[in-house]
Structure formats: structure tokens, C-alpha cells
1. Going down the list Lys79/Lys328; Lys114/Lys201; Lys58/Lys199; Lys58/Lys221, which pairs span over 20 Å between their C-alpha atoms?
2. Please report the projected area of segment 216-307's Cα convex hull averaged over all directions, in nm².
3. Counting helices only, and only those DSSP H runs with n ≥ 4, report the 222 nm mean residue ellipticity of the chain as the sum of -39,500 (n - 2.57) divided by its residues, in deg cm²/dmol to the nearest 500.
4. Roughly how many percent of the accessible protein surface of segment 216-307 is carbon and sulfur, given a 1.4 Å probe and a whole-percent answer?
5. Run the quick spin-label model on Glu242 and Glu215: label points 7 Å from Cα toward the beta carbon, then report their separation in nm to one decimal.
6. Please report, for the Cα atoms of segment 286-361, the Rg to one decimal and the Dmax as a whole number; what are they, in angstrom?
7. If one computes the Cα centroid of segment 300-361 and of segment 118-132, what distance in Å separates the two points?
8. Taking K and R as +1 and D and E as -1, what net charge do the other residues with C-beta under 13 Å from the C-beta of Lys342 add up to?
Amino acid sequence: MKKIMLTGDRPTGRLHVGHYVGSLRRRVELQNTGDFDDIFIMIADAQALTDNADNPEKVRQNIIEVALDYLACGLDPEKSTLLIQSQIPELCELSFYYMNLVTVSRLQRNPTVKSEIQMRNFEASIPVGFFTYPISQAADITAFKATTVPVGEDQMPMLEQTKEIVHKFNSVYGETLVEPKILLPENEACMRLPGIDGKAKMSKSLGNCIYLSEEPEDIKKKVFSMFTDPTHIRIEDPGKLEGNTVFTYLDAFCKPEYFPEFLPEYSNLDELKEHYKRGGLGDMKVKRFLNNVLQAELEPIRNRRKEFQKDIPAVYEILKKGSEKAEKAAAQTLKEVKDAMKINYFDDMELIQEQSKKFSE
Ligand code: ATP
Ligand code: MG
């Protein structure tokens, strides 16, 4: 069986470091292994419209921002197909048929959608499109016959929903769709990176982000404003690591080589953590270290982005070519789906003959 990767992001803002550790960094690594027969990276504008229907300009403006972030992180259009969801009409058609295989109560049980509804104050009136976006996501995944989907933890319910649709479809209409596997980050801190406020997950919609394209001064300001351990008041007090966002970010970003470079008095992160827990290590020192780490990680990304920003028409051209290629793949799957469902009346000579016979008797 072919190895195919699909994943994507909603163009609701520039991409942030949560996207990076949750999915983007992994995509680039996987892309560069050369192990995949095909890689599809989707800018999910149609999904973004499900909760931004009254603000289409926001979605329109952010398509290029997401595309620039992709290229800046090392997604390479020679190796990965970058596409825009709305340009593949086959995805709507697939969603339409999959809707018959999912119940309203099943959608209501989706924990990610539940918390997103709360976050958006949609409790009283949920847009139907938003409520059903897990089905459209199943269409995205299956349209490209994806076998691997590298995403953050919040996407687990979507992958479960997709697998259920695949099983139901295949059992009703015959073996047609491919079951995808979710690929979660290996590192606990990267599954759901918290925002700089330490409260919820870092999310474009919550405004608690460090963006990949952030300028050095702003990164520094955000790091120094970060949430730590509120009971760690004096340097000599013992500190807690649980819920301490600065340490969570170090877990997500720190590499061994950063110690000799920025903090040579410690040999690794465990040593730093032990000292913090014992007492005697101030928050400012840890924040200074984190700032150095993030600056080192983000500088090359920011610089590459600035290069790609010099030729915006070329970036749109990459998306156009990618969308064209993606549409061909989705059209093939849609054909297989309609054949399996026998929605292929004009190609079905048996049906036409059978009906002729029925009416001539
Ligand atoms: P929105 O607020 O518009 O939903 P978002 O910031 O949640 O935006 P998405 O486009 O929904 O971003 O998510 C894109 C991908 O990034 C998904 O695979 C998701 O799991 C991952 N992701 C998003 N935020 C985080 C995070 N804080 N930690 C880890 N992974 C994340
Ligand atoms: Mg999201």
C-alpha cells in the first residue's frame, strides 16, 4: 500500500509555535525522509469559514500567511503538495455522502468540538457547517487516501470519527476507503502546547500565541511575561514544574546543544529542573534561557520567510499548482466512492439493460 501523508491548518492567523511542535516540525522531518509516495498539506479555508462566515476577509488574508509559514519551516513544494481546500469541490461531494453515515448524537459527543463550541459562545446557536466539520475533515483525509496524519492531540476525535466513517462506508458499500493513522508528537509537551498565559492550548483564536514570524523583541517580551509558578516568590523558594509554562516550553524546544551555548553551568534540562525544584534558581534566569532557545529556533524560520515574501505571486502559483494536482487525486477517490455507491448510472450498462427489460415486459 502507498504511504500518503495529509495534514493542514486553518487560515485564521499566522502559524504559531504550538503548530510547529504539534505538527509542522514533524511534517518537515517526514517529508525529508523521502519515505512517502505523496504528501498533501492543506490550507483549510472552507473549514475556517465554518466559524468565520461573517469574516471571510480574515480567511482570505491569512491564506498567504499560512503558506509563507509552511515554506519558511521547510515544506518544499517539490516534495509536498500544498493546496487550498475550497479549490477542491470533490471534498464537498464526499462530505455530503459521508453525512448519511454519521448521527447527530455522535457529532455531539466530539470533545474537541464541544470545547470549541463553548470557546466561541456557540451554545445557543451552532452553525451547521461548524457542527459537521469533523465529517468534512473525514472527506479531506480519505479523498487523498491518507495513511498518516501528523497532528496535535486536539485532532484525536477527528481521526476517530474518520475511522468510523471509513469502516461504515466499507462495510455498507464494499472496501473503498483507506483507514488513516494518527501520528501524535512523541513529546508530551508538544501534544497540546499551552499559550503564554498558561491557561488553555495556544490557539490563534485565543490570542495567547508566539508566532513563528514574531520579531526578536516581541518574542522576548512574551517570554518574560510568561506564566510560571505563582508560589515561587523568592529565588530560594522551591519551585513547581507542573503547570509551569516556561518549563513546558523548554521541554518542547530545548536541545542538548543549547546548554553549552547559553547556560554552560548546567549540563542538561533535568539538572536545571532539579535545581528549580530544590530552590535557589530564579524565574528570570530560566526565562532568559528560554528566550535564547526560542530566538535560536525561530531566527532561521523568520529569515527564510522574508525571502519568500519577496515573491508573493510565486507563492500563489505554488498553491495553484498544488491545488490542481490535489484535485486530480480527489476526483479519482470520488469516482471510486460513487462507483461503490452505484451513483454511476450512465456508465452502468447493466442497469440500463435491466431497466429496458423491465419496461419491455
Ligand atoms: P483555531 O484557533 O483557528 O482553531 P488553531 O491555533 O487551533 O487555530 P488549527 O489550524 O486548528 O490551529 O490546528 C492546526 C494543527 O496544529 C492541528 O494539527 C493541531 O492539532 C495543531 N495545533 C494547534 N494548536 C496546537 C497546540 N497548541 N499544541 C500542539 N498542536 C497544536
Ligand atoms: Mg483549532
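1. Details: Lys79/Lys328 17 Å; Lys114/Lys201 15 Å; Lys58/Lys199 25 Å; Lys58/Lys221 26 Å.
Cα-Cα > 20 Å for Lys58/Lys199; Lys58/Lys221; rest within.
2. Computing the convex hull of the Cα atoms and averaging its projections yields 6.0 nm².
3. On the way: 17 runs with 193 residues, N = 361.
The helix contribution divided over the chain gives -16500 deg cm²/dmol.
4. Working: 2540 of 4740 Å².
Of all accessible area on segment 216-307, carbon and sulfur atoms account for 54 percent.
5. Result for the modelled spin labels: 4.1 nm.
6. Rg and Dmax of segment 286-361, Cα atoms, are 27.2, 87 Å.
7. Using only Cα atoms, the two centres lie 29 Å from each other.
8. -4
The values are calculated or read from the model by the stated rules, or taken from the named source; none is laboratory data. Owing to the predicted nature of the structure, the values given are computational and were not obtained by experimental measurement. Here Cβ is always computed from backbone atoms with ideal geometry, including for glycine, and neighbour counts include all displayed protein chains. Areas reflect the complete protein model, heavy atoms only, side chains present, ligands, DNA and RNA absent. Shrake-Rupley method; radii C 1.70, N 1.55, O 1.52, S 1.80 Å.
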